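Peer 1: Mind looking over this structure? Questions follow.
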Amino acid sequence: MKNMVKNEMKMEFASKSANEAFARISVAAFVSQLDPTIEEIADIKTSVSEAVTNSIIHAYPNKDGIVKLKAILYEDEIEIEISDTGEGIENVEEAKEPLYTTKGNLERSGMGFTIMENFMDELKVESIVGLGTKVTMNKKIKKNADLENTY
């Protein structure tokens, strides 16, 4: 069971590539309340970037749409949810395979979900074709006292 919610942030933005940076920076500023390390912030920013880019590129390939971002801070953890109402993913397990991409013509590497899995502690992907996708990621934030005991 998670600790009590400390704070919550919600936003919606147009599926434009310029908004990927906005989402990444917003979540980094929001998680700073937990005093994360530089590495933890970098992991979170990269994971948010990958999830938002997936929504922009794959959910709405030939049209604009809305990407929703929700972040919840717990005492020592952040939960980030990024969702869209786009095309959805036909086979989530296949899409999570390293190097799998449906957009090779756009020079996509197919590593987005792999990066999210490696940089975050938990990753859950839910998708329904024609209705959209929701990516939920969690990362524990080490307390400064915990870091001091590791040296």
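Peer 1: Taking Gly130 as meeting all but one of (1) loosely packed, with under 14 Cβ neighbours inside 10 Å; (2) under 26 Å from Asn62 (Cα atoms); (3) at pLDDT below 90, write down the number of the exception.
Peer 2: (3)
Peer 1: Could you pull out the residue among Asn105, Asn118, Asn91 that is surrounded by fewer than 16 Cβ atoms within 10 Å (Cβ to Cβ), under 13 Å from the mean Cα position of the chain (by Cα) and either modelled with pLDDT of 95 or more or of a type outside the set (Phe, Trp, Tyr) (or both)? Quick ask: steps written out before the conclusion?
Peer 2: Details: Asn105 fails: under 13 Å from the mean Cα position of the chain (by Cα); Asn91 fails: under 13 Å from the mean Cα position of the chain (by Cα).
Step by step, each of Asn105, Asn118, Asn91 is checked, and only Asn118 is surrounded by fewer than 16 Cβ atoms within 10 Å (Cβ to Cβ), under 13 Å from the mean Cα position of the chain (by Cα) and either modelled with pLDDT of 95 or more or of a type outside the set (Phe, Trp, Tyr) (or both).
Peer 1: From Lys16, Lys6, Lys2, which residue is within 14 Å of Asp84 (Cβ to Cβ) and at pLDDT below 95? Please lay out each step first, then the result.
Peer 2: Details: Lys6 fails: within 14 Å of Asp84 (Cβ to Cβ); Lys2 fails: within 14 Å of Asp84 (Cβ to Cβ).
Selected residue: Lys16, the only one of Lys16, Lys6, Lys2 that is within 14 Å of Asp84 (Cβ to Cβ) and at pLDDT below 95.
Peer 1: On to the next question. Among what's in segment 38-84 and is over 30 Å from Lys142 (Cα atoms) and under 16 Å from the mean Cα position of the chain (by Cα), pick the residue that is surrounded by the fewest Cβ atoms within 10 Å (Cβ to Cβ).
Peer 2: Pass one, segment 38-84, residues over 30 Å from Lys142 (Cα atoms): 56-66, 84.
This time we only want the ones that are under 16 Å from the mean Cα position of the chain (by Cα), so: 56-59, 66, 84.
Values: Ile56: 24, Ile57: 19, His58: 20, Ala59: 22, Ile66: 16, Asp84: 25.
Taking the candidates together, the pick is Ile66.
Peer 1: Would you confirm whether any residue within segment 9-20 is part of a helix (DSSP H, G or I) and touching a residue at least 24 places away in the same chain (Cβ under 8 Å)?
Peer 2: Restricting attention to segment 9-20, the residues satisfying the condition of being part of a helix (DSSP H, G or I) are 18-20.
Cutting the leftovers down to touching a residue at least 24 places away in the same chain (Cβ under 8 Å) gives us 19-20.
Among the residues of segment 9-20, at least one is part of a helix (DSSP H, G or I) and touching a residue at least 24 places away in the same chain (Cβ under 8 Å), which makes the answer yes.
The values are calculated or read from the model by the stated rules, or taken from the named source; none is laboratory data. This one's a predicted model, so the numbers in the text were calculated from it and none came from an experiment. Glycine gets a Cβ as well: all are built from the backbone with ideal geometry, and neighbour counts include every protein chain shown.
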